[in-house]
Amino acid sequence: MTTYAIIVNQVIKRFGREKDNHWIKGVFRKWTSANGKNGNKPVEEENTGPVLALDTVSFQVKEGEIFGVLGPNGSGKSTLIRLMSTLLLPDEGQILVMGLDPVHRQIEVQQLINRVSVEASFFKKLSPMENLIYGARLYGMGGKEIRQRVVQILTRLGLEKRNIFNPMEEMSRGMQQKVAIARALLSRPKILLLDEPTTGLDPVSKREVQAVVMELKEQDGTTILLTTHDMNEAEVLCDRVAILHKGKLIALDTPEALKDLVPRMNGHKPSLEDVFIHLTGDKLKEEQKEDIESAQAMVRAITNADKLVEKESQPALEQ
């Protein structure tokens, strides 16, 4: 019988947009009003309604599985991880983590998971050792064993021992990301949520991190949910891959099965990147065209508004 570590059921998450700048709104109204009198089509004010970050998303992650989530920026990947890690609440639907609802049993869920994100924070004046010991104490861990485990994990991730005791502010972004991953591994979580963990790492460091991820699955049976832009990484690491686009789940299967969705090109089997572009490319092009047209309309509006303001500020000449 299949046991699921994570169940996502019909989840919807909305975010409200910030209110537009009142000065810009006022200038736009004056400009559109003036253009309306001249017979030109006025620019409509941007809709300020809520943004649908996740739209009725459902899937299950098996225990001990590496489950990948792919998608362009703004597709809802990070929102999904924040919901699982109790940092956000769903507006509709339900998420279960090892059978527990993060909305009602936050503390219990937090004891089972750990999360690594691109924007990991540290005490920059402290060393990796000091930062990780502090993090371990938050999980009720301490003693000589933790210091040994910190050294073991960091050296496995490619950090030299001398760097383990130097201030974080002296380390590159890639090295700091390794420390973030080490911090997540300290508590030996049952579920590891990796939000683009290898972003900013050089090729060697990326492979070291990927090797550790595979070890966690094979030796510890850790369930791992991984979001990434690296198609090769997803293909190498993930048992199954979900593709999100504009908050919707548009595909879910093994990397090999997803490749069968795209016709062969010149007799060669498509890559996961080909699948990704095939499923999201046309839509992305349409969105980019709309964004360009909106930006051009805004530039024209601001230019004409400036002219209108300048004209109104000039003193009237006496006849």
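Apply 1/(1 + (r/R0)^6) to the Cβ-Cβ distance of D253 and V51, taking R0 = 41 Å, and write down the FRET efficiency to the nearest 0.05.
E between D253 and V51, to the nearest 0.05, is 0.90.
With the cut-off at 32 Å, tell me which of the pairs K161/K259; K161/K246; K246/K269; K77/K206; K125/K248 have Cα atoms farther apart than that.
Values: K161/K259 43 Å; K161/K246 43 Å; K246/K269 27 Å; K77/K206 20 Å; K125/K248 41 Å.
Checking Cα-Cα distances, K161/K259; K161/K246; K125/K248 exceed 32 Å.
At 1.4 Å probe size, what's the solvent-accessible area of E273? Round to the nearest 10 Å².
100 Å²
Give the whole-number value, in cubic angstrom per residue, of the convex hull volume spanned by the C-alpha atoms of region 164-285.
147 Å³
How much net charge surrounds A211 when only other residues with a Cβ under 13 Å from its Cβ are counted (Lys, Arg +1; Asp, Glu -1)?
Numbers: positive: R156, K178, K206, R207, K217; negative: E208, E215, E218, E233.
Every neighbour counted, the sum reads +1.
Over its Cα atoms, what ratio of radius of gyration to 2.2 N^0.38 Å does region 94-230 give?
Against the empirical 2.2 N^0.38 Å value, I get 1.03 for region 94-230.
Stokes-Einstein diffusion coefficient for region 192-249 at 25 °C in a medium of 0.890 mPa s, Rh from the Kirkwood formula over Cα pairs: what value in µm²/s?
The diffusion coefficient I find is 201 µm²/s.
Above 12 Å lies some portion of the pair distances; for region 219-261, what is it as a whole percent of all C-alpha pairs?
Percent of Cα pairs beyond 12 Å in region 219-261: 65.
Spin-label point model (7 Å from Cα, Cβ direction): what's the R156 to K125 distance in nm?
3.2 nm
State, to one decimal in nm, how far the label point of I12 lies from the label point of S58, with both points 7 Å from Cα in the Cβ direction.
For the pair I12/S58, the computed spacing is 1.4 nm.
The values are calculated or read from the model by the stated rules, or taken from the named source; none is laboratory data. Quick caveat: nothing in here was measured; it's all calculated off a predicted structure. Backbone-built Cβ (ideal geometry, glycine too); neighbour counts: all protein chains shown. Accessible surface areas use protein heavy atoms only, side chains included; no ligands, DNA or RNA. Shrake-Rupley method; radii C 1.70, N 1.55, O 1.52, S 1.80 Å.
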